[in-house]
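Structure first, commentary second.
The values are calculated or read from the model by the stated rules, or taken from the named source; none is laboratory data. A quick note: this is a predicted structure, and the numbers were derived from the prediction, not measured. Here the Cβ is made from the backbone with ideal geometry for all residues, glycine too, and neighbour counts use every protein chain on show.
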Amino acid sequence: MGSQQEVMGLLSLPPEIRDQIYTIILHPSNNRTFQPDEYTDYDYHDALALFRLNRQIYYEARDIFRTLNVFLRIKSPWSEAEQHVNLVGHVPILMRGTGASRFNGHSLQVTIETPAAGEPENGTHEFIMLADDLPAFTKAWFYWNLSHPGLNQWLRLKLFLRDPYAPDWDEKHVRRDIQRRLLLPFGDVKGLHDFSLTGDPKPQPKIVAELRALQALEPTSPEQCLVECMRLKNEGNELLQKGEVRAALEVYNRAWEAIHIIVKGRQRHVHAEAFFARDLVDEPFARKNGQLERMNLRLQLVANTCLAYMKLGDWHELQFWGVRTIQLMRQATGANQRPIPPEDEALLGFPSATQVGKIYYRTARAFEELGDRAEARRLVRVAQVYLPNDETVKKTLNSLM
């Protein structure tokens, strides 16, 4: 709590300066806490102490807080929905359970229903989130539908716009820019069984039309996703050759996203497996399998990412990402259970076998630099099977003997 002198000092400032101070203190981005793997949360404990300083400050700061912090209440038939958007979508949840049900400061009520299944046996589940995180929420929903084709055709989505702060007897109002923030992200939610958008006040017709136009757009085809991934991968490779390694890694992350794989720190969320599980029809992938082509690009991106970390000398990151892929390869041969001969561990018939060899070699370099020469030697031996004519691999193996 501030002293009376400090309070009076604040009130002596011009109103526009006080508003700037309130904005800095109460803005969501300044109350966001950061955790590993790009997970975030909010902690308003210190900021909201502002409300206890003085009645005048309370009313002034409250208005700023309400302008900056726009809330949604999500009502879902699934208990796991909250966990999914939090863990996979990286959406921070502000309130859940009974507290969320009682909360009345939300500007949009989002209700998800499964009309064919009737009322959920375990009741509905509610949570509160900020409009700042709504695009991440709707994008997680978009990916969930791609991973489970046809899911949305069983769902009913009801959006109800509301003015949480106007008294019952007064006219309700939600600013145009706030309506756009709250409604347009739902353009990612397509192919629903039923969709309704109402409110008090009623949503502006032009925004409703814009939202419905976004919902009508077909998702980018698997072929287009793969082409965009290739383009970004090549752009990243050019940056890598120029020595712009950090910029290359950023572009590689965009390449991952183009094929619906989201990298957050050391988390890699793979979406839309079913979406790519088809025979492709458009060039340059006509008559090829979508999953196989996606796997080829994934291996190329891992190999290039490992090379980037090797150039940076970031051996821990190189080791992490390399081992992640190698463990998947070893599961196919049983080499994760017990050591087997390099010739048996190497899957020479695997797509992009050359890229796999590069991953083994570059990961071996990380183990060598981190002091585990035995594992480095084992990995290089497998790399040599994949890359029998690579002189660098041969020299590295000789140095480890």
Q | helices (runs of 4 or more DSSP H) completely within region 52-128 that count 2 or more residues being modelled with pLDDT under 95, farther than 22 Å from LEU161 by Cα and out of contact with any Asp or Glu (no Cβ under 6 Å at 6 or more places or on another chain) | A | 55-68, 80-87
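Search region 216-234 for residues being among the charged types (D, E, K, R) and free of Cβ contacts under 8 Å to residues at least 60 places away in the same chain, and hand back the single one that is nearest to LEU184 (Cα to Cα). First the steps, then the outcome.
Narrowing region 216-234 to residues among the charged types (D, E, K, R): 218, 223, 228, 231, 233.
Still in the list and also free of Cβ contacts under 8 Å to residues at least 60 places away in the same chain: 218, 228, 231.
Details: GLU218: 16, GLU228: 24, ARG231: 28 Å.
The selected residue is GLU218.
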Q: Select the strands (runs of 3 or more DSSP E) contained entirely in region 172-287, then report the ones holding at least 1 residues which are within 30 Å of ALA116 (Cα to Cα).
A: 194-200, 267-270
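Could we say that LEU151 is under 21 Å from the mean Cα position of the chain (by Cα) and under 17 Å from PHE71 (Cβ atoms) here? Spell out the reasoning first.
On the way: under 21 Å from the mean Cα position of the chain (by Cα): yes; under 17 Å from PHE71 (Cβ atoms): no.
Taking the combined requirement at face value, the residue does not satisfy it.
Checking the structure you have, find out if any residue of region 324-347 is outside any helix (DSSP H, G or I), basic (Lys, Arg), in contact (Cβ under 8 Å) with a residue 24 or more places away in the chain and surrounded by fewer than 16 Cβ atoms within 10 Å (Cβ to Cβ).
Of region 324-347, the ones outside any helix (DSSP H, G or I) are 334-341, 346-347.
Filter again for basic (Lys, Arg), leaving 338.
From what is left, the residues that are in contact (Cβ under 8 Å) with a residue 24 or more places away in the chain are none.
Checking region 324-347: not a single residue is outside any helix (DSSP H, G or I), basic (Lys, Arg), in contact (Cβ under 8 Å) with a residue 24 or more places away in the chain and surrounded by fewer than 16 Cβ atoms within 10 Å (Cβ to Cβ).
Is one or more of the residues making up region 28-42 acidic (Asp, Glu), loosely packed, with under 11 Cβ neighbours inside 10 Å and without any contact (Cβ under 8 Å) to a residue 60 or more places away in the chain?
Taking region 28-42 as the starting set, the residues that turn out to be acidic (Asp, Glu) are 37-38, 41.
Now restrict to residues that are loosely packed, with under 11 Cβ neighbours inside 10 Å: none.
Scanning region 28-42 turns up no residue that is acidic (Asp, Glu), loosely packed, with under 11 Cβ neighbours inside 10 Å and without any contact (Cβ under 8 Å) to a residue 60 or more places away in the chain.
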Q) Taking the stated definitions as given, is THR325 at pLDDT 95 or above, hydroxyl-bearing (Ser, Thr, Tyr), assigned by TED's automatic domain parsing to the domain that holds LEU240 and closer than 27 Å to PHE276 by Cα? A) no
Q.
Suppose we filter ASP46, ASP19 for residues that are closer than 28 Å to LYS264 by Cβ and either touching a residue at least 24 places away in the same chain (Cβ under 8 Å) or not small (Gly, Ala, Ser) (or both); which single one remains?
A. ASP46
Q) Does at least one position in region 215-226 carry a residue that is crowded, with 19+ Cβ neighbours inside 10 Å and either hydroxyl-bearing (Ser, Thr, Tyr) or over 21 Å from VAL302 (Cα atoms) (or both)? A) no
Q: Identify, by number, the condition in (1) free of Cβ contacts under 8 Å to residues at least 60 places away in the same chain; (2) within 33 Å of the chain's Cα centre (by Cα); (3) within 24 Å of VAL245 (Cβ to Cβ) that LEU387 doesn't meet.
A: (2)
Q: Give me a count of the residues in region 24-51 that are assigned to a helix (DSSP H, G or I) and at negative phi.
A: 13
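For region 55-96, what are the residues that are small (Gly, Ala, Ser) and assigned by TED's automatic domain parsing to the domain that holds GLN4?
Here is the first cut: in region 55-96, the residues small (Gly, Ala, Ser) are 61, 76, 79, 81, 89.
Passing the criteria: only ALA61.
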